[in-house]
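Visitor: Before we start, here is the structure in question, set down as structure tokens.
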Amino acid sequence: MPSARRTVDGYLLAPFPWYGLDGAFTGPRWLMQVGTAADGAVEHGSIGHGDEPSVRAEGTFGTSDKERFAVVVTVAANPVRRSADGTGVLEATSVSSAAWLAGVGLLSFTWPGQMDHSLRDDWLDQQTETAWVLADDLHGSDWSTLSLPVDGAPTSFHYRESEYGWVLAGSTKEGVHLGAYGRGMSAYGLGFSVVQDIGAYAG
């Protein structure tokens, strides 16, 4: 979460390129967090753009019209593989993986108006399950197709909107899957490119 911003170290350990919004976006950029496998290998991570969503505040979180942000999630494209200790199999990553991570990411910045604090966890569990179901059916009626530039080349993404914001997911020629989510910034004008210097995002 932005309030516990991670250092650049985890990003530097990734064996794959990170993606962010391309040079057309001139606003603030900030590191979020990386996700690792049981053996410590970096599998995915997120980079934020625009306004950092406000710290959770009961009844007001996620409702500000002034918050304009887009988060790009990079997911290593891994096939089904053995775990590092040889005791199990790690699930393959796919565009659905990116869609699910983006969907859950958007939920983490959402607090439905007037929701009692005690109901938040139940709501989040339910919405997380819904995000998984949606991500598992990218060709279903909840998704449309959107073409956006990735490293300058038109690329097809699965796209959906909700009352909380938008989510999209696709793949790149660099061997990673991309997810993105946001609110207050239109997804239709976005473009993505490889981050040339991830260290510049720290601080």
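The values are calculated or read from the model by the stated rules, or taken from the named source; none is laboratory data. None of these values were measured; they are calculated from a predicted model. FYI the Cβ positions are ideal-geometry reconstructions off the backbone, even for glycines, and counts take in every protein chain you see. To get the accessible areas, we keep the full protein, side chains included, count just its heavy atoms, and leave off ligands, DNA and RNA. Shrake-Rupley method; radii C 1.70, N 1.55, O 1.52, S 1.80 Å.
Visitor: Along the Cα-to-C-beta direction of Gln126, a point sits 7 Å from the Cα; which residues of the range 159-200 have their amide N less than 19 Å from that point?
Guide: Residues 162-165 qualify, since their backbone N sits under 19 Å from the label point.
Visitor: I want to check the label-to-label distance for Leu13 and Ser147. Put each point 7 Å from Cα in the C-beta direction and report it in nm to one decimal.
Guide: 4.0
Visitor: Taking θ as phi - 60°, what are the ³J(HN,Hα) couplings along the range 11-20 by the Karplus curve (6.51, -1.76, 1.60), each to the nearest whole Hz, with x for Gly and Pro?
Guide: 3J(HN,Hα) across the range 11-20, in whole Hz: 5, 5, 7, 5, x, 10, x, 8, 10, x.
Visitor: Between His117 and Asp137, what is the spin-label point distance in nm, taking each point 7 Å from the Cα along the Cα→C-beta axis?
Guide: So the label points at His117 and Asp137 sit 3.6 nm apart.
Visitor: For Gly45, enumerate residues with amide H under 5 Å from its amide H, sequence gap 5+ or separate chain, H modeled in the peptide plane.
Guide: Sorted by chain and number, the residues that satisfy this are Gly35, Thr74.
Visitor: Continuing with this model, one more query. List the relative contact order of the range 111-203 as a percent without decimals, with contacts defined as Cα pairs under 8 Å and 6+ residues apart.
Guide: Reported relative contact order: 19 percent.
Visitor: Ignoring ligands, DNA and RNA, what percent of the accessible area of the range 145-203 is carbon or sulfur (1.4 Å)?
Guide: Taking all protein chains in place, the range 145-203 shows 49 percent carbon and sulfur surface.
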